[in-house]
Amino acid sequence: MNQKPTTSLIIPPELAEYYGRRIRLSVQQFPGMPIFVSQLFNELKQEETDMRVLSEQLRVDPGITVNLLRLANSARFGASREIKSVHEAVVRLGVRRTTEILLAFHVAGHFSHPLKGYDLSASELMKHSLWAALAAEKVCTEIPDAPSPEYAFTAALLHDIGKVILSDFVMEEQPAIVQLVQHEKYSFDEAEKRVLGWTHAETGSAILNHWNFPDLLIQVARYHHDPGQAPEEYRMLAGIVHVADFLAYCQGPGAGVDGFSYHFREAVLERLPLNKSVVERIAGETLEQVEAFNAALGL
Ligand SMILES: [Fe+2]
Ligand SMILES: [Fe+2]
């Protein structure tokens with residue numbers, strides 16, 4: 001199962017070129033993130049991010065204010081008295097959690113349509129991504145020298161964003177992709193590569209590049225199904241997201257059509273000291289948190 005499959009195209013080169021042109025155009029036309037959200041991505045690690053500045057940025061967006069108050073008041077975050085203001089919510093949740101919910105809120109806006117190519121209903125990709133994000137964050141806390149949990153959360157939240165574009169293309173070539181997956185045991189992304197010339201992982205990394213996001217996020221999206229191929233400095237995070245993605249498929253909702261053909265890369269476990277009981281604990285804790293996030297985001 002882990003031997004390298006051929007990635008040679010099974011469609012004529014002119015058709016592959018045509019798909020490539022359309023995919024690149026879709027990436028160029030993909031809606032952007034608000035500038036202050038992009039800035040937050042770049043400031044993720046700065047513990048000293050000013051709570052008051054963050055509160056001010058949040059207050060201008062009524063949608064996020066409602067979600068944030070809902071999350072801060074949920075039992076999961078130990079609400080003992082009612083939180084009524086954005087600033088109080090930021091204090092209760094902390095800067096990191098607040099930033100993450102803000103990112104999730106904006107990412108959810110991009111994931112709001114059904115993706116027929118992957119057999120995902122309107123909220124399923126978001127639920128899957130959130131599951132992976134919360135699990136990836138927890139995996140980080142188990143591993144010495146792991147990247148910071150906020151990077152893991154963000155990278156996992158965005159790992160499948162390419163599906164938003166590639167779904168329509170997958171629909172166009174569904175019979176050929178299904179043939180490779182069901183009868184020739186290709187993973188879904190390998191089948192995408194052979195039939196369209198692009199995978200959802202490559203498409204996602206192109207979107208993040210288009211958004212000028214950090215190289216770390218671009219590379220992890222690109223290699224989340226094959227972390228061993230990621231540049232050395234990003235390999236561990238790509239492996240963490242791979243594990244979290246697999247857990248999300250096994251435990252979370254929204255497996256979609258490609259979840260059943262997931263090729264888990266056992267080699268990532270050589271770098272990540274995770275045993276069965278740790279993985280089970282991570283899955284249990286993630287499940288609890290996911291419910292609070294889903295409720296806060298109205299999923
Ligand atoms: Fe994926
Ligand atoms: Fe995924």
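When you restrict to C-alpha pairs under 8 Å that are six or more residues apart and normalise by the size of the chain, the relative contact order lands at 23 percent.
Given 10 °C and 1.306 mPa s, compute D for segment 104-235 with the Stokes-Einstein relation, Rh being the Kirkwood radius over Cα pairs; round to the nearest whole µm²/s.
Value of D from the Cα-based Kirkwood radius: 104 µm²/s.
In terms of the mean number of neighbouring beta-carbon atoms within 10 Å, the peptides 193-199, 209-215 order highest first as 193-199, 209-215.
Note the angle between two axes, namely the Cα long axis of helix 200-210 and the longest principal axis of the Cα atoms of the chain, as a number of degrees from 0 to 90, rounded to the nearest 10. Compared with the principal axis, the helix lies near 50 degrees. Relative to the longest principal axis of the Cα atoms of the chain, the long axis of helix 163-172 makes an angle of roughly 30 degrees.
Suppose the chain between residue 7 and residue 278 were pulled fully straight at 0.36 nm per residue; how much longer would it get relative to their current alpha carbon spacing? Display every interim value, and only then the final one.
On the way: separation 271, 0.36 × 271 = 97.56 nm, distance 3.51 nm.
So the chain would gain 94.1 nm between residue 7 and residue 278.
Computed from phi, the 3J(HN,Hα) profile of segment 19-29 under the Karplus parametrisation 6.51, -1.76, 1.60 (θ = phi - 60°) reads 4, x, 4, 5, 5, 4, 5, 4, 5, 4, 8 Hz, with x in place of Gly and Pro.
Taking each of 163/276; 116/276; 138/163; 138/193; 185/276 in turn, the alpha-carbon distance tops 28 angstrom for 163/276; 116/276; 138/193. Summarising the amide proton neighbourhood of residue 120: residues at separation of 5 or more, or on other chains, whose placed amide H is nearer than 5 Å comprise 115.
Rolling a 1.4 angstrom probe over the chain with all protein chains present gives an accessible area of which 52% lies on carbon and sulfur atoms. Other residues with beta-carbon under 15 Å from the beta-carbon of residue 208 carry, at +1 per Lys or Arg and -1 per Asp or Glu, a net charge of 0.
Computed from phi, the 3J(HN,Hα) profile of segment 134-150 under the Karplus parametrisation 6.51, -1.76, 1.60 (θ = phi - 60°) reads 5, 5, 4, 4, 6, 4, 4, 6, 8, 10, x, 6, 6, x, 5, x, 5 Hz, with x in place of Gly and Pro. Angle of helix 95-110 to the longest C-alpha principal axis of the chain, folded into 0 to 90 degrees and rounded to 10: 40°. Between residue 182 and residue 17, the contour length at 0.36 nm per residue exceeds the alpha carbon distance by 56.8 nm. Over the chain, accessible surface divided per residue gives 44 Å², non-protein components excluded, 1.4 Å probe.
The values are calculated or read from the model by the stated rules, or taken from the named source; none is laboratory data. From a predicted model like this one, the values you see are computed outputs, not experimental measurements. Using ideal geometry, Cβ is built from the backbone for each residue, glycine included, and neighbour counts are taken over all protein chains shown. Heavy atoms of the whole protein, side chains included, go into the accessibility calculation; ligands, DNA and RNA do not. Shrake-Rupley method; radii C 1.70, N 1.55, O 1.52, S 1.80 Å.
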